[in-house]
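This report concerns only the one structure given below.
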Amino acid sequence: MKIEDKVSKKVNLDEDWEDFIKEEGLVDYNKIPVERAVVKGWVQIAFWFLRIYILAMIILVIIGFSRIH
Amino acid sequence: MIADNDAGGVMTYAQTGSIFGIGFFIPFMVIMLPVAYIVQEMTVRLGAVTHRGHAEMIWKRYGKFWGAFSLIDLVVANVLTLITEFIGITLGMQVFGIPPLVSSITAVAVIASIQLFLRYFAWEWISLSIAAFNLIFVPLVFFIPHLHWGAVARSFVSWHIPGGVNSLFIYVVLANLGTTIAPWMLFFQQSSVVDKGLTVKDIRDGQIDTFIGSFFMVVVAIAIILIAAGTVFGFTHAPNLDIQTILSAISAKMGSLAMRLFALGLVEAGLIAAIAISASTSWAMGEAFGWPKSINIPPLQGWKFYLPGIISLLIAGGIVLIPNAPLGFLNLTVQVVATIFMPAAMMFLLLLLNDKDIMGEHVNKPWQNISAFAIVGFLIIMNGIYGLTVIFPHIFG
């Protein structure tokens, strides 16, 4: 364990990762920006279900906590 | 995966064994192995392919609202869960005569130091060494007085439930399910895969690693259930027994050494989980806000990254020391927050794993989707039932 190494030395992790990826011959996904997903079809249904589920659970929780003395 | 057997988990398994003995929950825990593996394997694959953490993926792929929702829920749930870990650490250390103030401060100092002053691989090795102590429960099984291995074997056939299906049974099922799949585990595993630098070439090794961890997690869980079943089951007021009473029963029936080893296991469970949970808080905050986020970063260069995890440790370590703090109520709140959050966390995980734009050829296969959706469906139904039993305690008798 190189404790002094970690405490005192500045690191550039992005550079280290780029070098590593080049050596491995892999695609650097960090260079590909993550774009906002198009929410449609079953994904949209899933999100609506999630909203309803969370709302229902919050209401139940509020009712429950209000009954705790 | 071993951190899955956190202090809350140890207490849950002990209470499971004390209430239900050798029966339903032995084969139930075996089923938890594929459940844990299927869920956690997805986070390994997602992290290895995208080289991005869970919080970052949700934020960038599904927008600020869901990103903030996931982050706030995670951080709140993590702080509350950390409190239960510190409860385990301080309770366990009290068995050895160490006052809570000393054990709490020491734990905070140890965990923070490990994160601040070690690079990832050293941090991981220290964590694994601590996690190895989780196996301490396994040899204790062979000292349980009058343990009928025939009864253990028969439980796989009978799935016997003493007292039948009632609200207590449902609560314990959910508690065991909740301790097997916890939101912080999704975030932690994916972030650690990224920080470790795993790539698509390492997916196979990551899957094997996850399976081994899941296997030992279940073995230890069953061992704890058996220990409690062999020492406490049948006591009057078993559902209301706390961990201190269970420890006393273990001491009376298995001896003082067994009780001390059990307490040591409880301390370890709290410690390893606190290491993982505080790290997951730091990683998630860094991912959400675009800060440099790695345990390899020096403390001063990455102070923004380290600070959230350390603050969460300080909060948890401090709260357990407050006299008459409503720790039972806080533990309940942990369960409730996890109830709301876990299905959402699983839903995002499944959406991301089925997203060809980001996963390419590594999207979920049909069998993975079927099993994962079955787990989510069961989770949502059981969490819904749990929510009802919290609000209406006598709904199932």
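The values are calculated or read from the model by the stated rules, or taken from the named source; none is laboratory data. This is a predicted model, so every value here is computed, not measured. Note: ideal-geometry Cβ built from the backbone for every residue, glycine included; neighbour counts use all protein chains shown.
Okay, residues lined up against (1) free of Cβ contacts under 8 Å to residues at least 60 places away in the same chain; (2) surrounded by 24 or more Cβ atoms within 10 Å (Cβ to Cβ); (3) under 19 Å from the mean Cα position of the chain (by Cα); (4) under 12 Å from B:Ala288 (Cα atoms):
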position	(1), (2), (3), (4)
B:His54	no, yes, yes, yes
B:Trp59	no, yes, no, yes
B:Lys64	yes, no, no, yes
B:Gly67	no, no, no, yes
B:Ser70	no, yes, yes, yes
B:Asp73	no, no, yes, no
B:Asn78	no, yes, yes, no
B:Leu82	no, yes, yes, no
B:Ile87	no, yes, yes, no
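Give me a count of the residues in the stretch A:31-46 that are in a helix (DSSP H, G or I) and more than 8 Å from every other protein chain (Cβ to nearest Cβ).
Residues flagged as in a helix (DSSP H, G or I) and more than 8 Å from every other protein chain (Cβ to nearest Cβ) within the stretch A:31-46 amount to 4.
Hey, any hits in the stretch B:69-80 for a residue that's out of contact with any helix residue (DSSP H, G or I) (no Cβ under 9 Å at 6 or more places or on another chain) and at pLDDT 95 or above?
No, the stretch B:69-80 has no match at all.
Can you say whether B:Val30 is out of contact with any Asp or Glu (no Cβ under 7 Å at 6 or more places or on another chain) and more than 28 Å from B:Tyr171 (Cβ to Cβ), as far as the supplied structure shows?
It is false that B:Val30 is out of contact with any Asp or Glu (no Cβ under 7 Å at 6 or more places or on another chain) and more than 28 Å from B:Tyr171 (Cβ to Cβ).
May I ask you to verify whether A:Leu60 is in a helix (DSSP H, G or I), surrounded by 10 or more Cβ atoms within 10 Å (Cβ to Cβ), out of contact with any strand residue (DSSP E or B) (no Cβ under 6 Å at 6 or more places or on another chain) and at pLDDT 80 or above?
So A:Leu60 fails the test.
What number of residues within the stretch B:160-204 satisfy the criterion of being more than 22 Å from the chain's Cα centre (by Cα) and closer than 25 Å to B:Trp283 by Cα?
Counting residues in the stretch B:160-204 that are more than 22 Å from the chain's Cα centre (by Cα) and closer than 25 Å to B:Trp283 by Cα gives 8.
Name the residue that is farthest from B:Phe305 (Cα to Cα), counting only residues in the stretch B:106-123 that are out of contact with any Leu (no Cβ under 9 Å at 6 or more places or on another chain) and of a type in the set (Val, Ile, Thr).
The residue in question is B:Thr106.
Select the helices (runs of 4 or more DSSP H) contained entirely in the stretch B:126-192, then report the ones holding at least 2 residues which are more than 19 Å from B:Phe216 (Cα to Cα).
Passing ranges, in order: B:149-158, B:167-180.
When you check B:Thr81 against the structure, is it polar (S, T, N, Q) and more than 24 Å from B:Thr179 (Cα to Cα), yes or no?
For B:Thr81, the condition - polar (S, T, N, Q) and more than 24 Å from B:Thr179 (Cα to Cα) - is not met.
For residues that are crowded, with 17+ Cβ neighbours inside 10 Å and assigned to a helix (DSSP H, G or I), scanning just the stretch B:300-314, find the one that is farthest from the other protein chains (Cβ to nearest Cβ).
B:Ser312
When you look at B:Ala7, is it buried (at least 24 other Cβ atoms within 10 Å of the Cβ), in contact (Cβ under 8 Å) with a residue 40 or more places away in the chain, over 22 Å from B:Gly360 (Cα atoms) and more than 14 Å from chain A (Cβ to nearest Cβ), yes or no?
Answer is yes for this residue.
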